[in-house]
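So the structure is just underneath, and the comments pick up after that.
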Ligand SMILES: [Fe+2]
Ligand SMILES: [Fe+2]
C-alpha cells in the first residue's frame, strides 16, 4: 500500500487507523446516511491484474475537484490511503470519476469509500483482491438484463446473488439495458445488483447492440466500464470494450461483436484486428482456464438470425486454442452446445469449447437450432421463455456450471474436467 499516493489532507483518518490491531475492523462505519450529494453508482471494474489493482468508478451531481478514495486493508495496522480520482466525463446532470488502486496485496480485503471534495462521503464498502494463485472461486454469468429491469430482471439477479453469495465476479454478455443512453435504465441496472454488489465484486461487461445508439457506444459506457486497458486499442470502440483480465487461474476475455452497430467501415478488418489480439492473448496465457464473452452468438437461436462474420473471424481461433467457455447473449432464449466434430463416444460428453446463449431479463424470442446445425454445431440444450442466471465454480482442473431460474429450477448443468489426456465436457442435467 505504501506506493499509493498519500494525501496530507487526510491525516486525521490515518491517525484513526494507526494503532489498530490485526483482525479488527479498523474504521468505524459512518453514522450518517447518504447525503443528497453523496457519490452514487459506485462500481468495481477489472484491471489487467485484479490481484494487485482495481478500478473504482462513481458519479456525483456536480463537478467535484477534490474527489478521491479512502482505502484501508480490513486487517492489519495499516494507515488509510488516499487515492486521487480522475474526472472522466459527464452525462446530463452528473459527473463521473475513476480511481485506480495499484500496488494492492493479493487476497486481501480492503475497505474503501468515496470522499467528494465537498459534501458527504459515500458509505464504506469492501472488496477482496484476487489471490495470485489459482485458488477456487465462483463467478456469475448474465445474459441480456435489458428490459423491465426492476420488475422483470432484478428478481433473477437477486436469486443469483443469493444462490452464489460468494461469487467474486459478474460477467455480462451485453444488452445490460435497453436504450444505450437512458440514465434511468442504467439506474435500474445498478439497483438490480444493489450498491453492496456493484461496489464489492468486479463486473466484467461486454457491450451489446443496445449499448449503441446512432452507431455510437453509450455515453455511459466508458465512464462506468473503463476496461483493463490491454486490448487492441486501435479501432472503433475497442479501447473501452475489448480486454482481458486474469482471476485465480482463469483468463476472462471480452470481445466486441457489434459490427452492425459500432461505426465500423471495414467489418472484416475490425473483427480481424480483434482476432489478432485474441490470438496473442490466448497464445500468451498462463492460466488453465479461458472464458471469452461477447454479445452476438456464433450460433444463433433466433430464427433467421446469423452472425456469419463473427463465426468466420473468431470460431477457428476459439477452437484452436480450446477456449473453455464462450458466453453470449442477444437471442433472448437459452442454449448451450458445441461443434459436432467435438463429440465423443459418450453421447453425454464432448471436447472443445462450450458455446452458451442466455437471457436474464423478461423479453423472449423463439428459438431454433437451425443456425447451429447448418454450421457444424449442435445445441445440447435449448430452452425458450426462461430467464436464467449462470453460476460457475472453478476448482483446479474442474469447472462446474449451472444455469438456474429465479425459482431455483435447473435449466442446464455441465462439468469440465481436465487431465493429462485433455478435456472433457460432461452433461449434468
Ligand atoms: Fe438483447
Ligand atoms: Fe442484443
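The values are calculated or read from the model by the stated rules, or taken from the named source; none is laboratory data. Nothing here was measured: the structure is a model prediction, and the numbers come from that model. Note that each Cβ is placed from the backbone with ideal geometry, even for glycine, and that neighbours are counted across all protein chains shown.
Filtered by the rule that a residue be buried (at least 19 other Cβ atoms within 10 Å of the Cβ), under 19 Å from residue 165 (Cβ atoms) and out of contact with any helix residue (DSSP H, G or I) (no Cβ under 8 Å at 6 or more places or on another chain), region 130-155 gives 130, 137, 139, 141. Restricting 170, 228, 205, 213 to those that are touching a strand residue (DSSP E or B) at 6+ places or on another chain (Cβ under 7 Å) and within 16 Å of ligand 2 (Cβ to nearest atom) reduces the list to 205. Checking the stated criteria, residue 417 turns out to be surrounded by fewer than 17 Cβ atoms within 10 Å (Cβ to Cβ) and in a strand (DSSP E or B).
Matching residues to (1) without any contact (Cβ under 8 Å) to a residue 60 or more places away in the chain; (2) buried (at least 17 other Cβ atoms within 10 Å of the Cβ); (3) in a helix (DSSP H, G or I); (4) on the phi > 0 side of the Ramachandran plot:
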residue: 335; (1), (2), (3), (4): yes, yes, no, no
residue: 338; (1), (2), (3), (4): no, yes, no, no
residue: 366; (1), (2), (3), (4): no, no, no, no
residue: 372; (1), (2), (3), (4): no, yes, yes, no
residue: 379; (1), (2), (3), (4): no, yes, no, no
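Considering (1) farther than 24 Å from residue 322 by Cα; (2) in contact with a strand residue (DSSP E or B) (Cβ under 7 Å, 6 or more places away or on another chain); (3) within 16 Å of ligand 1 (Cβ to nearest atom), the lone condition that residue 186 does not fulfil carries the number (2). Residues that are under 13 Å from residue 242 (Cβ atoms), out of contact with any helix residue (DSSP H, G or I) (no Cβ under 7 Å at 6 or more places or on another chain) and away from ligand 2 (no atom under 16 Å from the Cβ) within region 275-303 comprise 276, 277, 280, 281, listed in sequence order.
Consider region 310-330 and keep the residues that are assigned to a loop (DSSP other than H, G, I, E, B) and under 19 Å from the mean Cα position of the chain (by Cα). The one that is nearest to ligand 2 (Cβ to nearest atom) is 330.
Condition check for residue 74 on (1) in contact with a strand residue (DSSP E or B) (Cβ under 7 Å, 6 or more places away or on another chain); (2) modelled with pLDDT of 95 or more; (3) surrounded by fewer than 21 Cβ atoms within 10 Å (Cβ to Cβ): one failure, at (2). The numbered conditions (1) closer than 17 Å to residue 212 by Cβ; (2) touching a residue at least 40 places away in the same chain (Cβ under 8 Å); (3) surrounded by fewer than 23 Cβ atoms within 10 Å (Cβ to Cβ); (4) away from ligand 1 (no atom under 16 Å from the Cβ) are all true for residue 260 except (4).
Does residue 335 meet the test of being touching a strand residue (DSSP E or B) at 6+ places or on another chain (Cβ under 6 Å) and either within 16 Å of ligand 2 (Cβ to nearest atom) or under 21 Å from residue 148 (Cβ atoms) (or both)? Let's see the steps before the verdict.
Numbers: touching a strand residue (DSSP E or B) at 6+ places or on another chain (Cβ under 6 Å): yes; either within 16 Å of ligand 2 (Cβ to nearest atom) or under 21 Å from residue 148 (Cβ atoms) (or both): yes.
So residue 335 passes the test.
On the given criteria, is residue 402 in contact with a strand residue (DSSP E or B) (Cβ under 7 Å, 6 or more places away or on another chain) and within 26 Å of residue 177 (Cα to Cα)? Criteria met by residue 402.
Mind checking whether some residue in region 134-147 is more than 29 Å from residue 395 (Cα to Cα), within 16 Å of ligand 2 (Cβ to nearest atom) and modelled with pLDDT of 95 or more? Scanning region 134-147 turns up at least one residue that is more than 29 Å from residue 395 (Cα to Cα), within 16 Å of ligand 2 (Cβ to nearest atom) and modelled with pLDDT of 95 or more.
Highlighted here are the strands (runs of 3 or more DSSP E) found entirely within region 79-166 that include at least 1 residues which are in contact with a strand residue (DSSP E or B) (Cβ under 6 Å, 6 or more places away or on another chain) and farther than 19 Å from residue 40 by Cβ: 81-84, 94-101, 109-115, 125-128, 137-142.
Can you tell which of 327, 273, 282 is modelled with pLDDT of 95 or more and within 16 Å of ligand 1 (Cβ to nearest atom)? Working first, answer last.
On the way: 273 fails: within 16 Å of ligand 1 (Cβ to nearest atom); 282 fails: within 16 Å of ligand 1 (Cβ to nearest atom).
Within the list 327, 273, 282, the selection yields 327.
Looking only at region 299-316, filter to residues that are more than 16 Å from ligand 1 (Cβ to nearest atom) and buried (at least 18 other Cβ atoms within 10 Å of the Cβ); which one of those is nearest to residue 254 (Cα to Cα)? Full working, then the answer.
So in region 299-316, the residues more than 16 Å from ligand 1 (Cβ to nearest atom) come out as 299, 306, 308-309, 311-316.
Restricting the remaining residues to those that are buried (at least 18 other Cβ atoms within 10 Å of the Cβ) gives 299, 311, 313-315.
Details: 299: 18, 311: 16, 313: 15, 314: 13, 315: 15 Å.
Checked region 299-316; the qualifying residue nearest to residue 254 (Cα to Cα) is 314.
Based on this model, can you work out whether residue 351 counts as under 26 Å from the mean Cα position of the chain (by Cα), more than 16 Å from ligand 1 (Cβ to nearest atom) and either outside the structural domain of residue 158 (by TED's automatic domain parsing) or over 21 Å from residue 139 (Cβ atoms) (or both)?
Values: under 26 Å from the mean Cα position of the chain (by Cα): yes; more than 16 Å from ligand 1 (Cβ to nearest atom): yes; either outside the structural domain of residue 158 (by TED's automatic domain parsing) or over 21 Å from residue 139 (Cβ atoms) (or both): yes.
When the stated conditions are applied, residue 351 passes them.
Number of residues in region 304-317 that are under 21 Å from residue 416 (Cβ atoms) and either in contact with a helix residue (DSSP H, G or I) (Cβ under 8 Å, 6 or more places away or on another chain) or not assigned by TED's automatic domain parsing to the domain that holds residue 173 (or both): the value is 2.
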